[in-house]
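Input: a single structure, listed below in structure tokens.
The values are calculated or read from the model by the stated rules, or taken from the named source; none is laboratory data. These figures come from a predicted structure and were not determined experimentally. Because the Cβ atoms are built from the backbone with ideal geometry, glycine has one as well, and the counts that use them run over all protein chains shown.
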Amino acid sequence: MTATAEQQADILERLKNGVVEYDEETVIAAANEALEESMDAYKAVMDGLAAGMDVVGKYFASGEYFVPEVLMCADALYAGLNILKPHIKMDPAKMVKGSVVIGTVEGDIHDIGKNLVKMMFEVAGFIVHDLGRDVPLDSFVDKYLETDSDIVCMSAMMTTTMIGMPVVIQKVREKNPRAKILIGGAPINEDIADKWGADGTGKDAPNALQEALNMIGVLRELGDDFKADRKAKEWGEDGVMQTS
């Protein structure tokens, strides 16, 4: 049985409102109903759960919600995601075949935004190497090289911690001048991203995902020689990694 347009709209609204009102029971019930009605799981996640978190982000920015409320909203979102994500089916030909290293920079323990962006990456088909929060700056570089990822994504919620971002950017660029780097967080804007040499930023999770998709497109156009060149520069003829 396939849900009608009206039924789908109702389910999406309940998913969205359940997240906004941090009502896990409502979210779980709506997520299960979406599956029972053969609703597209990806649409339920993006237009229901993620749409709800977008509202939560606006509430947080305006001061209507504080960290405790946002955490409860995130719990409701993940309750629905745990049900829906295993049922997401995407056309392999359209699946994003990219990878990203993501984390919150050293000294910053705020990871709500990072986790939301991570969720968006995963839903879109990225392989995500999540370093967590309060990540030592060199760990971004090390993981980037270890995994041969397409993108380095950093988050910071405080002006006192975001200053670690240009340090990482410089170190990654030294290894690969054409590396794709995405930064985000409350104090980050496009001017800062440009100044520090990042490839983009996003005001919210969907925008961050779009920036990443754009970067993947650029990488694909560069062709297979791009990563071969990078490996040749990183490793000497004797197979030893070059450190300078």
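Descriptive notes on the structure:
- Any helices (runs of 4 or more DSSP H) falling wholly within region 1-56 and containing at least 1 residues that are under 12 Å from Ala79 (Cβ atoms) and in contact (Cβ under 8 Å) with a residue 40 or more places away in the chain: 5-20, 24-36
- Screening Tyr78, Tyr65 for residues that are closer than 17 Å to Gly18 by Cβ, assigned to a loop (DSSP other than H, G, I, E, B) and either in contact (Cβ under 8 Å) with a residue 12 or more places away in the chain or not assigned by TED's automatic domain parsing to the domain that holds Lys171 (or both) leaves exactly one candidate, Tyr65.
- The helices (runs of 4 or more DSSP H) falling completely within region 149-200 that include 3 or more residues that are buried (at least 21 other Cβ atoms within 10 Å of the Cβ) map to 165-175.
- Taken residue by residue, region 1-11 has no member that is out of contact with any Cys (no Cβ under 6 Å at 6 or more places or on another chain) and closer than 27 Å to Met157 by Cα.
- Val45 vs. criteria at pLDDT 90 or above, within 19 Å of Asp204 (Cα to Cα) and not polar (S, T, N, Q): no
- For region 27-55, the set of residues classified as hydroxyl-bearing (Ser, Thr, Tyr) and more than 25 Å from the chain's Cα centre (by Cα) consists of Ser38 only.
- Selection from region 120-150 of residues that are under 19 Å from Gly200 (Cα atoms) and in contact with a Phe, Trp or Tyr (Cβ under 8 Å, 6 or more places away or on another chain): Val128
- Within region 137-181, if we keep just the residues that are under 16 Å from the mean Cα position of the chain (by Cα) and among the polar types (S, T, N, Q), the residue that is nearest to Gly197 (Cα to Cα) turns out to be Ser155.
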